[in-house]
Amino acid sequence: MEMKKNHTEEDVYILAIESSCDETAAAVVKNGREVLSNVISSQIALHTLYGGVVPEIASRKHIEKINQVIEAALLEAGMSLKDMDAIGVTYGPGLVGALLVGVAEAKALAYGAKKPLVGVHHIEGHISANFIEHPDLLPPFLCLIVSGGHTHLVIVKDYGEFEILGRTRDDAAGEAFDKVARAVGLGYPGGPKIDKAAKEGNPNAIKFPRAKVDGNIYDFSFSGLKSAVLNHINHANMMGEEIHVPDLTASFQNAVVDVLVSHTIEAAKEHGFQKIAIAGGVASNSALREEMKKACNKAGFTFYYPSPIYCTDNAAMIGAAAYYEYINGARAGLDLNAIPNLKLGER
Ligand code: KG4
Ligand code: ZN
């Protein structure tokens with residue numbers, strides 16, 4: 001019997017492209033879980049000068065780097081464009097000008113090399129980062145996605161099939177880390193700097209509020225916590241007191257982690273999930289990983305988390321997500337556009 005081209009028993013190679021924020025990234029992924037290359041050109045140093053991502057600078061840098069990054073990804077995988085079965089690309093959500101660079105590039109490659117094109121939701125990519133290092137992880141499971149732009153608690157019902165249980169009402173978790181870091185003069189991006197500073201501090205030194213929201217018990221809110229931290233700093237400044245950065249950052253981080261872990265564990269118990277995964281830039285936070293691990297052990301749940309390199313933006317995770325979309329038959333047309341506010345589960 002002749003095997004069909006996209007038969008699942010045949011190896012599928014995907015060239016994946018990610019450019020939704022400040023990393024220009026390309027990867028070659030085999031069968032959704034094996035990363036043959038993962039090249040990331042970070043613009044962090046550039047944006048640090050401005051204390052955050054400057055959208056126009058991000059787009060300009062993407063257009064400059066994207067071809068080199070793709071070439072490097074193919075070279076590292078020892079493959080060429082003609083060996084690919086499909087091109088996967090993030091088409092939302094994200095900064096529109098940044099997304100357009102990746103989308104236009106992917107369309108040009110797909111057209112030129114006559115390859116199928118698969119549009120990938122950035123958050124679906126973050127979730128799929130967990131498939132790379134955990135061959136045993138299969139849906140359904142519960143996933144907490146915490147990044148610079150998003151905080152979602154999601155049931156992964158199947159590949160590409162999601163139910164959102166909770167989300168942030170205001171700031172994303174990563175955004176809160178970035179704002180607090182700026183307020184204490186740690187600079188951008190704040191998450192890794194707070195993570196490091198907090199290691200020397202006492203997480204119970206300052207009692208910051210654990211936000212409760214009305215309505216959906218699984219929703220999050222971080223703006224009240226952020227304001228409490230800023231008030232604490234202003235008060236100390238007014239009184240001429242010195243701020244103890246390790247204690248302050250450890251106490252802030254503890255408040256964020258506490259809420260993230262408790263919501264996730266409650267949701268898993270309520271909905272009967274034994275498998276818990278985390279994803280997104282903040283998933284590389286050492287306190288979150290530690291506390292979630294403890295809570296999962298206590299509750300008898302299995303905890304999955306990606307290596308830090310697959311937590312922050314990368315194209316390998318986009319390749320993983322693109323693979324499952326591809327084998328489910330998803331194909332984007334050459335009219336694919338960037339959708340800056342694309343909702344999870346929408347096409
Ligand atoms: O997933 P990501 O690279 O980009 C988005 O899709 O937003 O996440 C970036 C966010 C930034 O807010 C950054 O401060 C945060 O992830 N982050 C961390 C850590 N590493 C990155 N937050 C807390 N602890 C970390 N170790
Ligand atoms: Zn991201």
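Which fully enclosed strands (runs of 3 or more DSSP E) of region 68-165 have 1 or more residues being modelled with pLDDT under 95?
none
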Sort out which residues of region 182-193 are in contact (Cβ under 8 Å) with a residue 60 or more places away in the chain and either aliphatic (A, V, I, L, M) or part of a helix (DSSP H, G or I) (or both), and write them in order of number.
R182, V184, L186, G191, P192
Failed item, numbered, when N328 is tested on (1) open to solvent by 60 Å² or more (accessible area, probe 1.4 Å); (2) within 16 Å of ligand 1 (Cβ to nearest atom)
(2)
Would you mention how many residues in region 290-325 are more than 16 Å from ligand 1 (Cβ to nearest atom) and assigned to a loop (DSSP other than H, G, I, E, B)?
2
Going through (1) within 26 Å of K343 (Cα to Cα); (2) open to solvent by less than 70 Å² (accessible area, probe 1.4 Å) one by one, I63 fails only at (2)
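Listed residues N285, N254, N297; which is farther than 30 Å from A104 by Cα, crowded, with 21+ Cβ neighbours inside 10 Å and touching a strand residue (DSSP E or B) at 6+ places or on another chain (Cβ under 9 Å)?
From the options N285, N254, N297, the qualifying one is N285.
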Within region 268-289, residues within 16 Å of ligand 2 (Cβ to nearest atom) and in a helix (DSSP H, G or I) come out as G281, V282, A283, S284, L288
Just to be sure I understand, how many residues within region 5-30 are away from ligand 1 (no atom under 15 Å from the Cβ), outside any strand (DSSP E or B) and buried (at least 16 other Cβ atoms within 10 Å of the Cβ)?
1
Sort out which residues of region 104-120 are open to solvent by less than 10 Å² (accessible area, probe 1.4 Å) and either of a type in the set (K, R) or within 16 Å of ligand 2 (Cβ to nearest atom) (or both), and write them in order of number.
V120
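Hey, among N231, N202, which residue is assigned to a loop (DSSP other than H, G, I, E, B) and at pLDDT 95 or above?
Of N231, N202, the one residue that is assigned to a loop (DSSP other than H, G, I, E, B) and at pLDDT 95 or above is N202.
The values are calculated or read from the model by the stated rules, or taken from the named source; none is laboratory data. A quick note: this is a predicted structure, and the numbers were derived from the prediction, not measured. Positions of Cβ are backbone-derived with ideal geometry, glycine not excepted, and every protein chain shown enters the neighbour counts. SASA here: full protein model, heavy atoms, side chains in, ligands and nucleic acids out. Shrake-Rupley method; radii C 1.70, N 1.55, O 1.52, S 1.80 Å.
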